[in-house]
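Let me begin by presenting the structure, written as structure tokens, before commenting on it.
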Amino acid sequence: MVEVSTSILSVKKGEESKTFFALEAAKTDYFHIDVMDGKFVEKDTYQTMLEYASYIRRISNAPLDVHLMVEDVKEAVDDFSAVEPNIITFHLEACKDEKEVMETINYIKQNNCKVGIAIKPNTSIKEVYQYLPYIHMCLVMTVEPGKGGQTYLSEMTEKVRTLKKYIDENQLEIDIEVDGGINLRTAPEVKKAGANILVAGTAILNAVDYKVIIDELKCPIGDVSL
Ligand code: DX5
Ligand code: ZN
């Protein structure tokens, strides 16, 4: 079953509360919290995302899907564990070696969170295979991390398909999340390729009716929305 994780990165200033309540009412499956430290990526959203996540935690039961685009992953895990996220995803590229990746996986688990690993568009999908038995989700970035509103990189569809094939061949139970440029045009191909959690920011936040767009993003492959 496909789920939708709404990225709050591009929420309009001054409309945060209204937007979060409306997304809760529209039954977004997750709130996607894009944490950027101004070092791993250029933008710094760290404190803003901490405030937003704390606020959402108070008004909604929807799970928080925290996407760490930071160099100091452990520090961010400490800070964001306070808002009791459902899952914390860190970038493979933020770790210097396998030992650090495994330490980070275990550190997140010790904070009672599920674990995801994210990979940038230029990182080979093979780099993540060895960690799959230890994590709950693989986040395939379908844009270069760092900002919302970018265009989907169509060559990522094959990457998702390759990951799905590997997961099925190895009888693993892993969610595949895609993130960046996901909308009604690109959703069908990534779902067909095997993604089961779609992150969308612009496509949802710019819609007139959040529930309509969320339901249309989720509708099973081949279903034509009425
Ligand atoms: C980019 C973030 C994405 C982004 C998605 O670094 O990880 O979550 O906000 O935004 P859209 O859906 O607008 O591409
Ligand atoms: Zn993200």
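Looking at region 88-103, which of its residues are among the hydrophobic types (A, V, I, L, M, F, W, C), open to solvent by less than 10 Å² (accessible area, probe 1.4 Å) and within 11 Å of Leu68 (Cβ to Cβ)?
Correct list: Ile88, Phe90.
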message: Please verify whether Glu158 is more than 16 Å from ligand 1 (Cβ to nearest atom) and either touching a Gly at 6+ places or on another chain (Cβ under 6 Å) or part of a loop (DSSP other than H, G, I, E, B) (or both), treating the condition exactly as stated.
response: no
- request: Within region 1-38, work out how many residues are open to solvent by 20 Å² or more (accessible area, probe 1.4 Å) and of a type outside the set (Phe, Trp, Tyr).
  value: 19
field: Selection from region 87-122 of residues that are among the aromatic types (Phe, Trp, Tyr) and touching a Leu at 6+ places or on another chain (Cβ under 9 Å)
entry: Phe90
- request: Quick one: Thr142 ticks every box in (1) touching a residue at least 60 places away in the same chain (Cβ under 8 Å); (2) at negative phi; (3) not aliphatic (A, V, I, L, M) except a single one, so which number is it?
  value: (1)
- prompt: Does any residue of region 193-215 turn out to be open to solvent by 60 Å² or more (accessible area, probe 1.4 Å), more than 16 Å from ligand 1 (Cβ to nearest atom) and touching a strand residue (DSSP E or B) at 6+ places or on another chain (Cβ under 8 Å)?
  reply: no
query: If you go through region 173-182 one residue at a time, do you hit one that is more than 14 Å from ligand 2 (Cβ to nearest atom), modelled with pLDDT of 95 or more and assigned to a helix (DSSP H, G or I)?
result: no
Residue that is farthest from Leu92 (Cα to Cα) [pool: residues in region 1-24 that are part of a loop (DSSP other than H, G, I, E, B), among the hydrophobic types (A, V, I, L, M, F, W, C) and within 14 Å of ligand 2 (Cβ to nearest atom)]: Val11
- line: Of the residues in region 127-155, those that are open to solvent by 20 Å² or more (accessible area, probe 1.4 Å) and assigned to a helix (DSSP H, G or I) number 5
- request: Go through the residues of region 179-186 one by one and say whether even a single one is among the acidic types (Asp, Glu) and buried (at least 18 other Cβ atoms within 10 Å of the Cβ).
  value: yes
query: Does any residue in region 200-218 that is closer than 15 Å to Ser10 by Cα come within less than 9 Å, Cβ to Cβ, of a residue that is among the aliphatic types (A, V, I, L, M) and surrounded by fewer than 18 Cβ atoms within 10 Å (Cβ to Cβ) six or more places away or on a different chain, and which pairs are these?
result: Ala203/Leu184; Tyr210/Ala22; Tyr210/Ala25
query: Can we say Gln110 is open to solvent by 80 Å² or more (accessible area, probe 1.4 Å), free of Cβ contacts under 8 Å to residues at least 24 places away in the same chain, more than 16 Å from ligand 2 (Cβ to nearest atom) and more than 19 Å from Val41 (Cα to Cα)?
result: yes
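The values are calculated or read from the model by the stated rules, or taken from the named source; none is laboratory data. The structure displayed is predicted, hence computed values, not measured ones. Backbone-built Cβ (ideal geometry, glycine too); neighbour counts: all protein chains shown. Keep in mind that these areas ignore ligands, DNA and RNA; they rest on the heavy atoms of the full protein, side chains included. Shrake-Rupley method; radii C 1.70, N 1.55, O 1.52, S 1.80 Å.
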